[in-house]
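The values are calculated or read from the model by the stated rules, or taken from the named source; none is laboratory data. None of these values were measured; they are calculated from a predicted model. In this analysis, Cβ positions are derived from the backbone assuming ideal geometry, glycine residues included, and neighbour counts consider all displayed protein chains. All accessible areas refer to the heavy atoms of the entire protein, side chains included, with ligands and DNA or RNA removed. Shrake-Rupley method; radii C 1.70, N 1.55, O 1.52, S 1.80 Å.
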Amino acid sequence: MIPAAKSKSFNRMFYLYNQYYLLRRRFRSFTLSGTLDPEFDSVSGSNIDPNRPVLYFMNHSSWWDGLLLYHASRRTSMGDHYVMMEERQLKQYAFFRKLGAYSINKESASAIRKTMQYTTGLLQSGKRVWIFPQGEILHQDARPIRFRPGIGLLLRRSPQTLAVPVTLCHGMVQHDMPEVSMLAGAPLMEDWHVWKSEEIAARLGGVLEQQLDEHKSQLVRIGQGSLPGAISLIRNGRSTSEKYDAARKRGVR
């Protein structure tokens, strides 16, 4: 198991490189709806302790998802964020360790146990952890969404943890570059240790599937790449199609 090795100086440098070079070259826009810092529990009617641990669970449909969630958390969250990453990928891109990535090797039972223990330690110390419970990159339209039981085990071990569903929708609507919409749903707070790991995984898989379906349906309904009221996290200049349209209009005049 490869632990994270965060570097503040590297984070500062990479954040700018990611924002102004990597993401802007690849995407026309990236927006966030909702908040990554849960503040209010609508069920109990009380404020949420900002130091409470958070486990974000997200669909995984693109290699870029890790860089997108990194950018969103750096831009909008006050928490200390970590990401569970496939060990083979982390060995190939070892610099992600400096950003808060650590590994999981699904081929080894002992390695999985070490990763679960490491993640539990992060959560119990008030950190924020991102996981992709589907366990692999799948198309955003793949259904049903099924989670591996590891997410249930983590919540059972740290029952005070908030579970936040996050969905990503990638698409090209009216432009020749992809637009990405991220939606952070309402935090889930339960007495997790009374549930079986498989029951938690099944329930949260259903929650994410419903949120992703509603997220996508709303984007289709409005015919845009972002939801109303979303925060802009990156915005490129005009796309090639927009430049062409502008030049064509000037020619008509």
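Can you list the strands (runs of 3 or more DSSP E) lying wholly within the stretch 1-95 that have 1 or more residues being open to solvent by 40 Å² or more (accessible area, probe 1.4 Å)?
Working: elements: 29-33, 54-58, 81-86.
Those strands (runs of 3 or more DSSP E) span 81-86.
Taking the stretch 112-165 as the region of interest, how many residues are open to solvent by 50 Å² or more (accessible area, probe 1.4 Å), under 18 Å from residue 193 (Cβ atoms), touching a residue at least 24 places away in the same chain (Cβ under 8 Å) and not in a loop (DSSP other than H, G, I, E, B)? If you could, list the steps in order and put the result at the bottom.
First, the residues of the stretch 112-165 that are open to solvent by 50 Å² or more (accessible area, probe 1.4 Å): 112-114, 117-118, 124-125, 127, 136-139, 141, 143-144, 146, 148-149, 153, 156-157, 160.
Subset that is under 18 Å from residue 193 (Cβ atoms): 117, 124, 149, 153, 156-157, 160.
Of the ones still in play, those that are also touching a residue at least 24 places away in the same chain (Cβ under 8 Å) are 124, 149, 153, 156-157, 160.
Then drop every residue that is not not in a loop (DSSP other than H, G, I, E, B), which leaves 124, 153, 156-157.
Residues that pass the stated criteria total 4.
Sort out which residues of the stretch 197-235 are part of a helix (DSSP H, G or I), touching a helix residue (DSSP H, G or I) at 6+ places or on another chain (Cβ under 9 Å) and open to solvent by 80 Å² or more (accessible area, probe 1.4 Å), and write them in order of number.
198, 199
Is there a residue in the stretch 217-233 that is more than 19 Å from the chain's Cα centre (by Cα), within 23 Å of residue 122 (Cβ to Cβ) and without any contact (Cβ under 8 Å) to a residue 60 or more places away in the chain?
No, every residue in the stretch 217-233 fails to be more than 19 Å from the chain's Cα centre (by Cα), within 23 Å of residue 122 (Cβ to Cβ) and without any contact (Cβ under 8 Å) to a residue 60 or more places away in the chain.
Can you pull out the residues in the stretch 166-192 that are in contact with a Lys or Arg (Cβ under 7 Å, 6 or more places away or on another chain) and open to solvent by 40 Å² or more (accessible area, probe 1.4 Å)?
Passing the criteria: only 177.
Looking only at residues in the stretch 171-204 that are among the small types (Gly, Ala, Ser) and in contact (Cβ under 8 Å) with a residue 60 or more places away in the chain, which one is farthest from residue 158 (Cα to Cα)?
At the first step, the residues of the stretch 171-204 found to be among the small types (Gly, Ala, Ser) are 171, 181, 184-186, 197, 201-202.
Subsequent filtering for residues that are in contact (Cβ under 8 Å) with a residue 60 or more places away in the chain retains 181, 184-186, 201.
Values: 181: 30, 184: 21, 185: 20, 186: 19, 201: 15 Å.
Across the stretch 171-204, the extreme among qualifying residues is 181.
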